[in-house]
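The values are calculated or read from the model by the stated rules, or taken from the named source; none is laboratory data. Treat the numbers as computed from the prediction; the structure is a model and nothing was measured. We place every Cβ from the backbone using ideal geometry, glycine too, and count neighbours over all the protein chains shown.
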Amino acid sequence: MKRSAEGFTLLEVMVAVAIMATVLVTLLGLNSRTMQDVTLAEHITAATMLAQGKMLDTIKSHAFAPVEEEGEYPAGENLTAYTWKRTITKLPLPNGSFINEIRVATLWQEGTRTEMVELVDYEF
């Protein structure tokens, strides 16, 4: 028996639609994840720059008394999502002198979890 009509069968069309739907759902999921990754990268970059600024302020002040303090970045600069924490600790050296360990962390909320960028410097 010869087929006189050319074209696709219903089964072939349904398989093609199923494949296209699977690919489309996968691509939409990738796009959503990519946007989340971009947002996280932006927050990490901003937090690193804020922590560097706070570290420079600490080093310039030459106030290396042991301390643990935290605070918020200025609201006028649209940085209310970020907070900072600074810890200065005196570490003993084998020769009897001390070195100052300065830790500056910038924290922010990323969904339900707290993210953090921490910088560490050592000063005599």
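Observations
- Residue check, residue 15 among the β-branched types (Val, Ile, Thr), surrounded by 12 or more Cβ atoms within 10 Å (Cβ to Cβ), farther than 28 Å from residue 122 by Cβ and at pLDDT below 95: yes
Conditions (1) touching a Leu at 6+ places or on another chain (Cβ under 9 Å); (2) modelled with pLDDT under 85, marked per residue:
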{"site": "1", "(1), (2)": "no, yes"}
{"site": "6", "(1), (2)": "no, yes"}
{"site": "25", "(1), (2)": "no, no"}
{"site": "46", "(1), (2)": "yes, no"}
{"site": "54", "(1), (2)": "yes, no"}
{"site": "63", "(1), (2)": "no, no"}
{"site": "66", "(1), (2)": "no, no"}
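- Single residue of the stretch 74-94 satisfying the filter (in a loop (DSSP other than H, G, I, E, B) and of a type outside the set (A, V, I, L, M, F, W, C)) that is surrounded by the most Cβ atoms within 10 Å (Cβ to Cβ): 80
Residue-wise test of (1) without any contact (Cβ under 8 Å) to a residue 40 or more places away in the chain; (2) part of a helix (DSSP H, G or I); (3) loosely packed, with under 13 Cβ neighbours inside 10 Å.
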| site | (1), (2), (3) |
| --- | --- |
| 44 | no, yes, no |
| 53 | yes, yes, no |
| 65 | yes, no, yes |
| 96 | yes, no, yes |
| 100 | yes, no, no |
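- From 38, 104, 25, 15, residue being touching a helix residue (DSSP H, G or I) at 6+ places or on another chain (Cβ under 8 Å) and on the phi < 0 side of the Ramachandran plot: 104
- Filter result (on the phi > 0 side of the Ramachandran plot and modelled with pLDDT of 90 or more) within the stretch 72-99: 96
- Number of the exception - residue 106 against (1) without any contact (Cβ under 8 Å) to a residue 40 or more places away in the chain; (2) among the polar types (S, T, N, Q); (3) touching a strand residue (DSSP E or B) at 6+ places or on another chain (Cβ under 7 Å); (4) closer than 21 Å to residue 39 by Cβ: (1)
- Filter pass, residue 40 being surrounded by 10 or more Cβ atoms within 10 Å (Cβ to Cβ) and of a type outside the set (D, E, K, R): yes
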